[in-house]
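Here, each number is a calculation from the coordinates, and none is a lab measurement. On a predicted model such as this, the values are computed, not experimentally measured, just so you know. For neighbour counting, all protein chains shown are included, and Cβ atoms are generated from backbone atoms with ideal geometry for every residue, glycine included.
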Amino acid sequence: MKKMFMMLLLALPLLALNLELKSGYVAAHTEMLMDKTIDPTNNYLNASITIQNNDITTIKGKFWVEITLFTSDKGDRDKSMYEELQTDKFKLATYTITNVTKADAEDSYTINGILDFHGEKKELSANAKITTVEGSLTIDASSMILMSDYGIKMPCMIFMCVRDQVDLLIKATF
C-alpha cells in the first residue's frame, strides 16, 4: 500500500500539461509632456507554461521577451530607449508566475510573480482575464511598473521628462 501511494505521489507532477504558445505580445505605455504617447510593443513573447487538470489557478511557468524587440512609431526614440535600458547588458525581461488566484468577476484572476528586469527582481501582480474556448487558453493581463524601482532614470529634455510609470499589457494565446 505504501509503495502504491508513493508511486501515485511521484506521478502527480506528470499530470501537468505544457501549454504551447500560439501568439502573444507585450505592450508598454508611458507619456511625455508635449508628446502624444510612447507605446512600444513586442510581438515576440516567449513562454514556458504548465497547467494541471485544466485548473487555471494551477498555472505555473514564465514569460520572457527580448528588450530590443520592443518597437514604437519612432525608431530614433527606440534606439535611445535601448541605450537607457542598457540592452547590451540586460537583454531579457522575464516574468515567473508564483501563483494565480481567482478574483470576483467572471474570468478574472490575479497573477502573482517575479519580474526580472534590468538586473532587478521584484514582485509584480497583474490583473488578468483568463478564458478557455475550444481548446485554447487566452490570458489578457495588465500591470504597472515604476522604472525607478529597477534603477532606471527616465530621460528628460529641458523640463520635459518621460513619465516614470509604465503601464503593461500582455496577451498570450495557448
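General remarks:
- Extension gain from Met157 to Asp104, taking 0.36 nm per residue of separation minus the Cα-Cα distance: 14.7 nm
- The stretch 125-174: trypsin sites (Lys or Arg not before Pro) falling in loop per DSSP and having at most 13 other Cβ within 10 Å: Lys153
- Relative contact order (%) - criterion: Cα under 8 Å, at least six apart; region: the stretch 16-173: 23 percent
- Against the chain, whose longest principal axis comes from its Cα atoms, helix 2-11 is set at around 30 degrees.
- Förster radius 35 Å - calculated FRET efficiency between Lys91 and Leu17 (Cβ-Cβ, nearest 0.05): 0.75
- Extension gain, Met144-Tyr44: 0.36 nm per intervening residue step, less the Cα-Cα distance, totals 34.0 nm.
- Computed from the Cβ-Cβ distance with R0 of 22 Å, the FRET efficiency linking Ser80 to Asp164 stands at 0.85.
- Phi to ³J(HN,Hα) by Karplus 6.51 cos²θ - 1.76 cosθ + 1.60 over the stretch 117-122, Hz, x for Gly, Pro: 9, 6, x, 10, 10, 9
- Positive-end extreme of charge dipole, the chain - chosen from Ser72, Ile51, Leu137 (charges on Cβ): Ile51
- Think of the chain as a dipole: +1 on every Lys or Arg Cβ, -1 on every Asp or Glu Cβ, centred on the Cα centre; then among Gly113, Gln86, Ala126, Gly113 lies furthest on the positive end.
- When the convex hull of its Cα atoms is projected in every direction, mean area for the chain (nm²): 12.9 nm²
- Taking the number of Cβ atoms within 10 Å of each Cβ as an exposure proxy, the fewest-first ranking of Phe70, Phe159 is Phe159, Phe70.
- Charge dipole magnitude, Cβ of K and R +1, D and E -1 - the chain, Cα centre, debye nearest 20: 700 debye
- Mean ellipticity per residue at 222 nm, deg cm²/dmol - from DSSP H runs of n ≥ 4 across the chain, formula -39500 (n - 2.57): -3500 deg cm²/dmol
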